[in-house]
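The structure under discussion appears below in the form of structure tokens.
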Amino acid sequence: MNRLPNFLTILRVILLIPIMLLLTNAQDATTYQLAFGLFLMAALTDLLDGWAARHLNCVTPLGAFLDPLADKIMSNVLLIFLSCHYPSIIPLWMVLLLLAREFAVQGFRSMAACMGVMIRTELLSKLKTLFQLTAVGTVIISFGWGSFAGIANYIALISLILALTSGYLSMMMLFIRNIDLWSRRPLPMESR
């Protein structure tokens, strides 16, 4: 049972393959509906893996590494895919700003790790991911259930704006709260 959280995390990334295949080859609403069902299943694994790790008392360094990585892969890969195929719904410039933020934050976290500091994911960063996934989900809904297309595309745009806002606010707060890291010396590293 102590492998369940990591299995769920890896499943989230694996489910991207059939989701992308369905979205790439979709020719009718049913295909989009199936893609949405798999997307929903993948998104739910994000809730379940953390819950399972805490309640089964099997939080591991591997899980702490894999979970946010799987979140980033899932949300960003799908946003890039949708912005390339449907730029009028998911503007590429918004996705690129989100990716730039991801690189900046991940670079800062890597620098902090070199100094022996582990930076936890805060609520605003989790909200950013939620807004990104909401944008992706509503776009898929707009294709699977055409009667919701107008409102779904509007919700997707609002979700992207909220993702950018919460993402950049969390990045600024991260940099400000950890400003002392810029002046620290890195820990001695072991070569392997």
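The values are calculated or read from the model by the stated rules, or taken from the named source; none is laboratory data. Because the structure is predicted, anything quoted here is derived from the model rather than measured. No Cβ is skipped: glycine too gets one built from the backbone with ideal geometry, and neighbour counts run over all protein chains shown.
Quick notes on this one:
- Condition broken by residue 101, with the remaining ones in (1) at pLDDT 95 or above; (2) exposed (fewer than 14 other Cβ atoms within 10 Å of the Cβ) satisfied: (2)
- Filter result for the condition that a residue is more than 18 Å from the chain's Cα centre (by Cα), without any contact (Cβ under 8 Å) to a residue 12 or more places away in the chain and in a helix (DSSP H, G or I), over 44, 21: 21
- Restricting attention to region 162-192, the residues that are touching a residue at least 12 places away in the same chain (Cβ under 8 Å) and either farther than 25 Å from residue 116 by Cα or in contact with a Phe, Trp or Tyr (Cβ under 6 Å, 6 or more places away or on another chain) (or both) total 4.
- Odd one out for residue 89 among (1) part of a helix (DSSP H, G or I); (2) surrounded by 15 or more Cβ atoms within 10 Å (Cβ to Cβ): (1)
- Any hit, region 126-145, residues being loosely packed, with under 14 Cβ neighbours inside 10 Å and modelled with pLDDT under 95: no
- Residues satisfying the stated conditions in region 146-160, i.e. closer than 30 Å to residue 177 by Cβ and either crowded, with 19+ Cβ neighbours inside 10 Å or more than 21 Å from the chain's Cα centre (by Cα) (or both): 159, 160
- Looking only at region 146-186, residues that are basic (Lys, Arg) and either at pLDDT 95 or above or in a helix (DSSP H, G or I) (or both) come to 1 in all.
- Qualifying residue in region 100-117 (condition: closer than 23 Å to residue 40 by Cβ, assigned to a helix (DSSP H, G or I), hydrophobic (A, V, I, L, M, F, W, C) and touching a residue at least 60 places away in the same chain (Cβ under 8 Å)): no
- Any pair with Cβ under 7 angstrom, 6 or more apart, that starts in region 27-41 at a residue that is closer than 20 Å to residue 73 by Cβ and without any contact (Cβ under 8 Å) to a residue 40 or more places away in the chain and ends at one that is in a helix (DSSP H, G or I) and not aliphatic (A, V, I, L, M): 38/18
- Check on residue 148, over 14 Å from residue 78 (Cα atoms), of a type outside the set (Gly, Ala, Ser) and in contact with a Phe, Trp or Tyr (Cβ under 7 Å, 6 or more places away or on another chain): no
- Among the candidates 75, 83, residue that is touching a residue at least 24 places away in the same chain (Cβ under 8 Å), part of a helix (DSSP H, G or I) and among the hydroxyl-bearing types (Ser, Thr, Tyr): 75
- Options 49, 71: the member that is buried (at least 20 other Cβ atoms within 10 Å of the Cβ), closer than 26 Å to residue 109 by Cα and over 14 Å from the mean Cα position of the chain (by Cα): 49
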